[in-house]
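To start, the structure under review is shown below, and the notes come after it.
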Amino acid sequence: MSPRAAWRLEQLGFTAVYDYTAGKVDWVAAGRPTEGPGPAAPRVNSALDTGVPVCRLDAEAGEAAGGAQTAGWPVCAVVNDVGVVAGRLRVGKVAADDRRRAEEAMEPGPATIRPHDDLASTLARMADHHVAVLLVTTPEGTLLGALRAPA
C-alpha cells in the first residue's frame, strides 16, 4: 500500500513524498507525530523530559557528573557526535575531581526505552526496580530525552 500511496500522491502533484519503508511502529518508536484515534493510554513521550544532562565521550567525567547534579539529575547521558547514547554517568559514582574522559567512567550501553511505550506500565516497572531515570531513544539509539520516576 505504501509505495502505491506515494506514487499516487506524486501523480497528484505533491513533491515531498516519501515511502517510509520501516513502517508505522518504527515511525512511532522514533517519537514522530501520529494522527487518528490511536491508543488511548498515555505514552512515554507525553512525559518525556528533554532537559536530561548530556556530555560527549571526551568530556571530563567529574565535570559532567557535577553539572548533572547541579541541575538536579542523578545521571548524565553520554552521547557520540551525532547524539547516539553510548553510556551514562551516575552522579553518585563519579567523583567531582574525576579527570577521566566520560567514555572511561561511563556505564556503557544503558537500558533505554522508546517514546511509544505505555507510560503507566513503564512507570510501574521503574517503581518495582527502584529506577529513577530511563533514557528515551529512537530505534537507532539517538537520545530524545528521559523519563523520570515521580518523586
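Near residue 98, the amide H atoms lying under 5 Å from its own belong to 62; only residues 5 or more places off or on other chains count, and H is placed 1.01 Å from N. Calculated on the alpha-carbon coordinates, the convex hull of segment 54-102 measures out at 55 cubic angstrom per residue. Placing one equal scatterer on every Cα of the chain and applying the Debye formula, the log10 ratio I(q)/I(0) at q = 0.17 Å⁻¹ is -0.95. Look at the dipole of the chain built from charges on Cβ: of 12, 96, 31, the Cα furthest out on the positive end belongs to 12. A run of the chain free of exposed loop cleavage sites, with trypsin sites (Lys or Arg not before Pro) counted only in DSSP states other than H, G, I, E and B and at most 16 other beta carbons within 10 Å, reaches its longest extent at 1-98. Net length available on complete extension from residue 35 to residue 84 is 14.9 nm, with 0.36 nm assigned per residue and the Cα-Cα distance removed. Placing unit charges on the Cβ atoms of the charged side chains and taking the dipole of the chain about its Cα centre, the candidate lying farthest along the positive direction among 75, 53, 151 is 151.
Report the extension gain between residue 25 and residue 129 in nm, rounded to one decimal, defined as 0.36 nm multiplied by the number of residues separating them, less their alpha carbon distance.
On the way: separation 104, 0.36 × 104 = 37.44 nm, distance 2.68 nm.
So the chain would gain 34.8 nm between residue 25 and residue 129.
If R0 is 25 Å, the Cβ-Cβ spacing of residue 95 and residue 151 corresponds to a FRET efficiency of close to 0.45.
A simple charge model with +1 on the Cβ of Lys and Arg, -1 on the Cβ of Asp and Glu and nothing else charged puts the dipole of segment 81-147 at about 160 debye relative to its Cα centre.
Every number here is computed from the coordinates shown, using simple stated rules; none is lab data. Please read these numbers as outputs of a predicted model, since none were measured by experiment. Methodologically, a virtual Cβ is constructed for each residue, glycine included, from the backbone with ideal geometry; neighbour enumeration extends over all protein chains shown.
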